[in-house]
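Enquirer: One structure coming up, written as structure tokens, with questions to follow.
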Amino acid sequence: MNEIAKSAIIRGNLEPLRTFKNVPEISGNHKYDHKYEFLKQEKKWFGVCVHTTGSGVAARARRLGQTVTDVAKWVYSQTWMSCPHYFIDWLGDIYQVTDESLVPPHCGVSEVSRDMMLDGSWIDHVSSEGLKYWNERWLSLGFKSPQHLFPSHSANYSYLGIEMIPQEHNSFGTNGSFNDKQYSSLKTLLEDISMRHSINLIQKNRLVGHEDLSPFKRWDHGGGWDPGYLRGVKTFYWERLQTINVPLDAGPRFI
């Protein structure tokens, strides 16, 4: 287990590697034949990718009378599910799903999609709204495509993954977005990752959303929805994280 799992900032269940203790039984479980195998991370992590779990976790929890935390723990304990390294629930509690020494499949794209992004043809096959907001955020900084945001063949090898469970309609006065406790915990987790891995996430443009990397599957007619910044009516705000307290010469810190 990595050092962050020993820190007081991580609350709730601290077992990584999908070995949650007392994973709840969730009715209606589906059986799948395939199984994801995780590879070891052989290089230094480049950045962090933030996700939304989408509406499925909260909707399933309400339907079954379970907590969103229990449903998320069940989902990410299944070997047929792609998963992040961490998820943050409605209370702002942070749960480690996968050890940081492993590479889970959470933000990669197909080889066809990768080739289209590299040759420039991707812009003809995506949401015009999503492209407008992606260009405002990234093309203005000199990045030609999502594939140019990171140095590895697959984004899975570049980014640690963090999932956020969104609120349902009218919860916390929002619609499909995140509460103050979640933003606070995300900021704390990002600061810890930045320090331990010596990554300047903000000034080095290494903090991304899944929508920044996967325009074919994470954009709709209104723009990006994962986690929801690349659109007119936003459901996620990077501005809430601009005060991440990481010095330019950030070095390792073990707590």
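Enquirer: Here are some conditions: (1) under 24 Å from residue 42 (Cα atoms); (2) modelled with pLDDT under 95; (3) polar (S, T, N, Q); (4) over 13 Å from the mean Cα position of the chain (by Cα). Residue 82 meets all but one. Which one does it not meet?
Expert: Only one criterion in (1) under 24 Å from residue 42 (Cα atoms); (2) modelled with pLDDT under 95; (3) polar (S, T, N, Q); (4) over 13 Å from the mean Cα position of the chain (by Cα) is unmet by residue 82, namely (4).
Enquirer: Considering only region 157-166, I want to know if a residue exists there that is touching an Asp or Glu at 6+ places or on another chain (Cβ under 8 Å) and more than 22 Å from residue 231 (Cβ to Cβ).
Expert: Yes, some residue in region 157-166 is touching an Asp or Glu at 6+ places or on another chain (Cβ under 8 Å) and more than 22 Å from residue 231 (Cβ to Cβ).
Enquirer: Give region 222-233 a look and list any residue that's surrounded by fewer than 19 Cβ atoms within 10 Å (Cβ to Cβ) and in contact (Cβ under 8 Å) with a residue 40 or more places away in the chain, or say none.
Expert: Residues satisfying the conditions are 222, 232.
Enquirer: Still on this structure, I have one more. Which number in (1) modelled with pLDDT under 95; (2) farther than 22 Å from residue 118 by Cβ; (3) not basic (Lys, Arg) marks the one condition that residue 229 misses?
Expert: (1)
Enquirer: Sticking with this one: Return yes when residue 158 is crowded, with 19+ Cβ neighbours inside 10 Å and either under 22 Å from residue 110 (Cβ atoms) or modelled with pLDDT of 95 or more (or both) and no when it is not.
Expert: Spelling it out, residue 158 is indeed crowded, with 19+ Cβ neighbours inside 10 Å and either under 22 Å from residue 110 (Cβ atoms) or modelled with pLDDT of 95 or more (or both).
Each row is one residue, and each column tells you yes or no for (1) surrounded by fewer than 17 Cβ atoms within 10 Å (Cβ to Cβ); (2) of a type outside the set (Ser, Thr, Tyr).
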{"residue": "44", "(1), (2)": "yes, yes"}
{"residue": "55", "(1), (2)": "yes, no"}
{"residue": "71", "(1), (2)": "no, yes"}
{"residue": "82", "(1), (2)": "yes, no"}
{"residue": "89", "(1), (2)": "no, yes"}
{"residue": "95", "(1), (2)": "no, no"}
{"residue": "99", "(1), (2)": "no, yes"}
{"residue": "103", "(1), (2)": "no, yes"}
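For (1) more than 14 Å from residue 165 (Cα to Cα); (2) over 17 Å from the mean Cα position of the chain (by Cα); (3) free of Cβ contacts under 8 Å to residues at least 60 places away in the same chain, each residue gets a yes or a no:
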{"position": "53", "(1), (2), (3)": "no, no, no"}
{"position": "75", "(1), (2), (3)": "no, no, yes"}
{"position": "90", "(1), (2), (3)": "no, no, no"}
{"position": "102", "(1), (2), (3)": "yes, no, no"}
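Enquirer: Kindly list the number of the only condition in (1) at positive phi; (2) touching a strand residue (DSSP E or B) at 6+ places or on another chain (Cβ under 8 Å) that fails for residue 142.
Expert: Going through (1) at positive phi; (2) touching a strand residue (DSSP E or B) at 6+ places or on another chain (Cβ under 8 Å) one by one, residue 142 breaks only (2).
Enquirer: What residue, among those in region 104-137 that are more than 19 Å from the chain's Cα centre (by Cα) and of a type in the set (A, V, I, L, M, F, W, C), is nearest to residue 40 (Cα to Cα)?
Expert: Only one residue tops the list, namely 112.
Enquirer: Here's a follow-up. Got a sec? Which of 220, 212 is at pLDDT 95 or above and under 15 Å from the mean Cα position of the chain (by Cα)? Steps first, answer last, please.
Expert: Values: 220 fails: under 15 Å from the mean Cα position of the chain (by Cα).
It is 212.
Enquirer: Okay, next question. Please find, among 191, 168, 129, 211, the residue that is surrounded by 22 or more Cβ atoms within 10 Å (Cβ to Cβ), touching a residue at least 24 places away in the same chain (Cβ under 8 Å) and not aromatic (Phe, Trp, Tyr).
Expert: Residue meeting the stated conditions: 211.
Enquirer: I'd like the full set of residues that are of a type in the set (Phe, Trp, Tyr) and in contact with a Leu (Cβ under 7 Å, 6 or more places away or on another chain), limited to region 139-153.
Expert: 143 - this is the single residue of region 139-153 that is of a type in the set (Phe, Trp, Tyr) and in contact with a Leu (Cβ under 7 Å, 6 or more places away or on another chain).
The values are calculated or read from the model by the stated rules, or taken from the named source; none is laboratory data. Since we're looking at a predicted model, the values are computed, not measured. Neighbour counts are summed over all protein chains in view; Cβ atoms, including those assigned to glycine, are modelled from backbone coordinates with ideal geometry.
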